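Have a look at the structure below before the remarks.
The values are calculated or read from the model by the stated rules, or taken from the named source; none is laboratory data. Since the model is a prediction, treat every value here as computed from it, not as a measurement. Please note: Cβ atoms are built from the backbone with ideal geometry, for glycine as well, and neighbour counts cover all protein chains shown.
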Amino acid sequence: MLLNFREVSGLRGHDGRAIRPGMIFRGGAVTDPATAARLGGHGVTTVFDLRNRREEAARPSALRELGLRHPLRHHDIDLAAPIRLVRDGAADAESNRAAMLAIYGDFHSVFRPTFEAAFADLVTGEGPVYIHCAVGKDRTGAMTALLLQALGVEREAVYHDYLLSNGAYQEIAASVRVRHPHLASMDDPALRPVLQVEAAYLDAFLDSIGPAKTYLRRKIGLDEAAFAALRRRFLE
């Protein structure tokens with residue numbers, strides 16, 4: 001099963017042009033060959049794996065066996081702390097929601113090198129892309145939101161795509177349970193802020209960067225030629 005998987009297409013961007021079908025896919029990590037083959041059937045050429053080194057070492061990506069490009073530099077940023085706090089009985093729903101807001105508010109700086117590498121490749125690469133992290137909701141949500149903003153998609157549509165991850169809540173919970181087997185119960189209310197997404201989380205990220213195109217220009221290094229290249233690749 002492709003975890004929290006979906007195609008991002010049809011949304012209106014620059015000059016009312018729609019995102020081209022079959023070009024942007026997002027979801028969770030793919031660790032078994034059969035599932036990898038299913039994704040390969042979508043014609044994906046490039047994979048943006050947003051997990052850290054430890055995550056990939058623990059659950060290697062089966063997509064590498066397909067020979068797909070993985071251009072990102074790896075990082076050591078740890079986003080599992082709220083889950084460990086639940087495991088240790090040291091968090092409740094309120095504190096974990098605050099932790100998630102803080103994590104999203106820091107994405108603009110802690111993931112800046114990752115965003116730089118991703119957009120450098122998005123501007124120059126070809127073919128469909130798959131953006132993923134562990135379960136495809138937080139790091140993937142931020143990266144996809146930034147790409148959609150670069151393509152001129154209205155903020156309301158960006159949020160709609162982001163919040164679709166809540167439809168995969170049970171799949172996400174099952175995946176987290178596999179990676180954190182010592183959790184006493186997946187029904188612990190303290191876990192809900194970690195397993196779901198909220199508009200307020202994406203607010204924290206997008207508000208932290210200010211106008212998206214200004215952030216992409218000044219911090220990520222895109223110029224008008226780069227924006228035009230993104231539109232040529234992903235808009236029809």
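General remarks:
- Out of Leu195, Leu164, one residue alone is out of contact with any Cys (no Cβ under 8 Å at 6 or more places or on another chain), in contact (Cβ under 8 Å) with a residue 40 or more places away in the chain and not polar (S, T, N, Q). It is Leu164.
- The range 54-71 - residue that is touching a helix residue (DSSP H, G or I) at 6+ places or on another chain (Cβ under 9 Å) and part of a loop (DSSP other than H, G, I, E, B) and, of those, surrounded by the fewest Cβ atoms within 10 Å (Cβ to Cβ): His70
- Of the residues making up the range 81-101, those that are in contact with a helix residue (DSSP H, G or I) (Cβ under 8 Å, 6 or more places away or on another chain) and either at pLDDT 90 or above or of a type outside the set (Val, Ile, Thr) (or both) are Ala81, Pro82, Leu85, Ala91, Asp92, Ala93, Ser95, Asn96, Arg97, Ala99, Met100, Leu101.
- Ala200 being out of contact with any Cys (no Cβ under 9 Å at 6 or more places or on another chain), modelled with pLDDT of 95 or more and either in a helix (DSSP H, G or I) or closer than 18 Å to Thr144 by Cα (or both): yes
- Filter pass, Val178 being out of contact with any Asp or Glu (no Cβ under 7 Å at 6 or more places or on another chain), surrounded by fewer than 21 Cβ atoms within 10 Å (Cβ to Cβ), without any contact (Cβ under 8 Å) to a residue 60 or more places away in the chain and over 21 Å from Gln196 (Cβ atoms): no
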